[in-house]
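A.B. asks: Supplied in structure tokens, the structure appears directly below.
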Amino acid sequence: MRIGITCYPTYGGSGIVATELGLELAARGHEIHFITYANPIRLGSGSEGVRYHEVEVSNYPLFQYPPYCLALASRMAEVAERHQLDLLHVHYAIPHSVSALLAKQMMSRKRRLPVVTTLHGTDITLVGAEASFFAITRFSIEQSDGVTAVSEYLARRTAEFFEVEKPVRVIRNFVNCSVYRPGPKARGQKVLLHVSNFRPVKRALDCIRILREVRREVSAELWMVGDGPDRSAAEKLSEELGLTEHVKFLGKQDQVFRLMPQAHVLLMPSEHEAFGLAALEAMACGVVPVATDCGGVAELITPGVHGYLERVGDVEGQARRVVRLLSDVFHYEQMALAARARAESRFDAQLVIPEYEHYYRELLE
Ligand code: GMT
């Protein structure tokens, strides 16, 4: 198939899933066209079967707000005609889905261009729920030819909140278990890891507070990977709590699979997660997740088996779990093996990518 993919190319779960999906589909022989405003971070250069089409927006002085959605729609239509795309698959409803629907209308009469929209989380729970975006998010879900969600929870929430009849297919996130795999652990100190875009919903500051509690019992350090609005506040808090030398802010990393296996525990203290991709990637690397029980995370982690889920904001509860894991080697090893087995048996790319392929075929037929 010839597939156009649009996503946010920056550091964030939906862009990562879209990029990995494109690369996996290309490896299975499909022709993939990324249509985005910048090269998606995990795309690299020169992957076989993958092309990148940049969206440029005119900055005419009359425009107070450059019309990105229109530039995207035009580029989608142009790429679809030129490369005879079979379908467009957009990730994150706003505004990609709306631009794709417009591109579909722009096609010459003979060309069909089905639109698949994948819902990732905040496009429904935060952005789509804002009064100014509610109606257009609902419209884009109803008008897409196919809609997928990354968890049962998100599919249910979409149906309830937007009162849409449109069937939403659940296709969970995936990880390539040959790339994300266990490796040697960091020597010396135990390592806690947090990977996110440091938006308030991630509660990155809780990681610093958890480290403080953990260090009362066990010697450990914290690696903070990523960047975003709460990074400065997290750096300031680590200074205030006298933890500067125990917290490393590593910034954005595009080869997380090299870093992850070295850690012992992944911290994901989020306020909300539709799925929790960082936890899945960590599990594949044999790193045990200590997370919060929110959104769709329980579809990934069975508490006490593949990791732990505590109440949002319960820093002491999460710290207690970390201390137990770091102090009881047998318990830790068992859980790390179970986490890896869970990733392999249910979420490996080899299992999930065919679900997308079947879905595309259903729509094309
Ligand atoms: O806000 C974020 O965490 C980024 C966001 C995105 O769309 O870029 O992540 C969402 O999509 C990820 C990939 O499907 C999911 O693993 C995350 O759980 C989800 N984030 C939230 O629901 C907060």
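A.B. asks: Based on what the data block shows, is Ala100 out of contact with any Asp or Glu (no Cβ under 8 Å at 6 or more places or on another chain) and part of a helix (DSSP H, G or I)?
C.D. replies: Considered against the rule, which asks whether it is out of contact with any Asp or Glu (no Cβ under 8 Å at 6 or more places or on another chain) and part of a helix (DSSP H, G or I), Ala100 comes out as yes.
A.B. asks: Any idea how many residues of region 223-247 are within 14 Å of Lys202 (Cα to Cα) and among the β-branched types (Val, Ile, Thr)?
C.D. replies: Count: 1.
A.B. asks: Looking only at region 112-134, filter to residues that are surrounded by fewer than 17 Cβ atoms within 10 Å (Cβ to Cβ) and within 16 Å of Arg157 (Cα to Cα); which one of those is farthest from the ligand (Cβ to nearest atom)?
C.D. replies: Here is the first cut: in region 112-134, the ones surrounded by fewer than 17 Cβ atoms within 10 Å (Cβ to Cβ) are 112, 126, 129-132, 134.
After this cut, where a residue has to be within 16 Å of Arg157 (Cα to Cα) as well, the list is 126, 129-130, 134.
On the way: Leu126: 8, Ala129: 12, Glu130: 15, Phe134: 18 Å.
My answer is Phe134.
A.B. asks: When residues of region 1-59 are filtered for being assigned to a strand (DSSP E or B) and either in contact (Cβ under 8 Å) with a residue 40 or more places away in the chain or within 16 Å of the ligand (Cβ to nearest atom) (or both), how many remain?
C.D. replies: Start the filter on region 1-59 by keeping residues that are assigned to a strand (DSSP E or B), which leaves 2-6, 31-36, 50-54.
Within this subset, residues satisfying the condition of being either in contact (Cβ under 8 Å) with a residue 40 or more places away in the chain or within 16 Å of the ligand (Cβ to nearest atom) (or both) are 2-6, 31, 33-36.
Selection size over region 1-59: 10.
A.B. asks: Return the residue satisfying two criteria in turn: it lies in region 321-338 and is surrounded by 16 or more Cβ atoms within 10 Å (Cβ to Cβ) and touching a residue at least 60 places away in the same chain (Cβ under 8 Å), and of such residues it is farthest from Ile210 (Cα to Cα).
C.D. replies: The qualifying residue farthest from Ile210 (Cα to Cα) is Ala336.
A.B. asks: Mind checking which residues of region 175-207 are of a type in the set (Phe, Trp, Tyr) and not assigned by TED's automatic domain parsing to the domain that holds Gly226?
C.D. replies: First, pick out the residues of region 175-207 that are of a type in the set (Phe, Trp, Tyr): 180, 198.
Tyr180 - this is the single residue of region 175-207 that is of a type in the set (Phe, Trp, Tyr) and not assigned by TED's automatic domain parsing to the domain that holds Gly226.
A.B. asks: How about region 9-45: which of its residues are more than 13 Å from the chain's Cα centre (by Cα), over 22 Å from Val352 (Cα atoms) and not aromatic (Phe, Trp, Tyr)?
C.D. replies: Within region 9-45, Ile35, Thr36, Ala38, Asn39, Gly44, Ser45 qualify.
A.B. asks: If you go through region 148-167, how many residues are away from the ligand (no atom under 14 Å from the Cβ) and either under 16 Å from Tyr360 (Cα atoms) or aliphatic (A, V, I, L, M) (or both)?
C.D. replies: The number of residues fulfilling the criteria is 3.
A.B. asks: Being within 16 Å of the ligand (Cβ to nearest atom), of a type in the set (Gly, Ala, Ser) and under 19 Å from Ala186 (Cα atoms): is that true of Ala282 here? Walk me through how you get there before you give the answer.
C.D. replies: On the way: within 16 Å of the ligand (Cβ to nearest atom): yes; of a type in the set (Gly, Ala, Ser): yes; under 19 Å from Ala186 (Cα atoms): yes.
Taking the combined requirement at face value, the residue satisfies it.
Here is a yes/no grid of residues against (1) without any contact (Cβ under 8 Å) to a residue 60 or more places away in the chain; (2) under 28 Å from Val323 (Cβ atoms); (3) among the acidic types (Asp, Glu):
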position	(1), (2), (3)
Thr158	yes, no, no
Val164	yes, no, no
Leu193	no, yes, no
Val201	no, yes, no
Trp223	yes, yes, no
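A.B. asks: Does region 21-48 hold any residues that are within 22 Å of Val201 (Cβ to Cβ) and crowded, with 21+ Cβ neighbours inside 10 Å, and which are they?
C.D. replies: Taking region 21-48 and keeping what is within 22 Å of Val201 (Cβ to Cβ), we get 40-42.
Within region 21-48, just Pro40 meets the criteria.
A.B. asks: Evaluate region 208-225: report whether one residue or more is within 15 Å of the ligand (Cβ to nearest atom), surrounded by fewer than 24 Cβ atoms within 10 Å (Cβ to Cβ), within 22 Å of Arg42 (Cβ to Cβ) and modelled with pLDDT of 95 or more.
C.D. replies: Yes - at least one qualifying residue is present in region 208-225.
A.B. asks: Which ones in region 164-198 are over 20 Å from Val150 (Cα atoms) and surrounded by fewer than 18 Cβ atoms within 10 Å (Cβ to Cβ)?
C.D. replies: Passing the criteria: Ser178, Val179, Arg181, Pro182, Gly183, Pro184, Lys185, Ala186, Arg187, Gly188, Gln189.
A.B. asks: For region 162-177, how many residues meet the condition of being β-branched (Val, Ile, Thr) and touching a Leu at 6+ places or on another chain (Cβ under 9 Å)?
C.D. replies: 3
So that you can scan it fast, the table gives a plain yes or no per residue for (1) closer than 22 Å to Val315 by Cβ; (2) within 13 Å of the chain's Cα centre (by Cα); (3) outside the structural domain of Arg342 (by TED's automatic domain parsing); (4) at pLDDT 95 or above:
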site	(1), (2), (3), (4)
Ala274	no, yes, no, yes
Ala278	yes, yes, no, yes
Cys285	no, no, no, yes
Pro289	yes, no, no, yes
Thr292	yes, no, no, yes
Ala298	yes, no, no, yes
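The values are calculated or read from the model by the stated rules, or taken from the named source; none is laboratory data. On a predicted model such as this, the values are computed, not experimentally measured, just so you know. Every residue, glycine among them, receives a Cβ derived from its backbone with ideal geometry; neighbour counts consider all protein chains shown.
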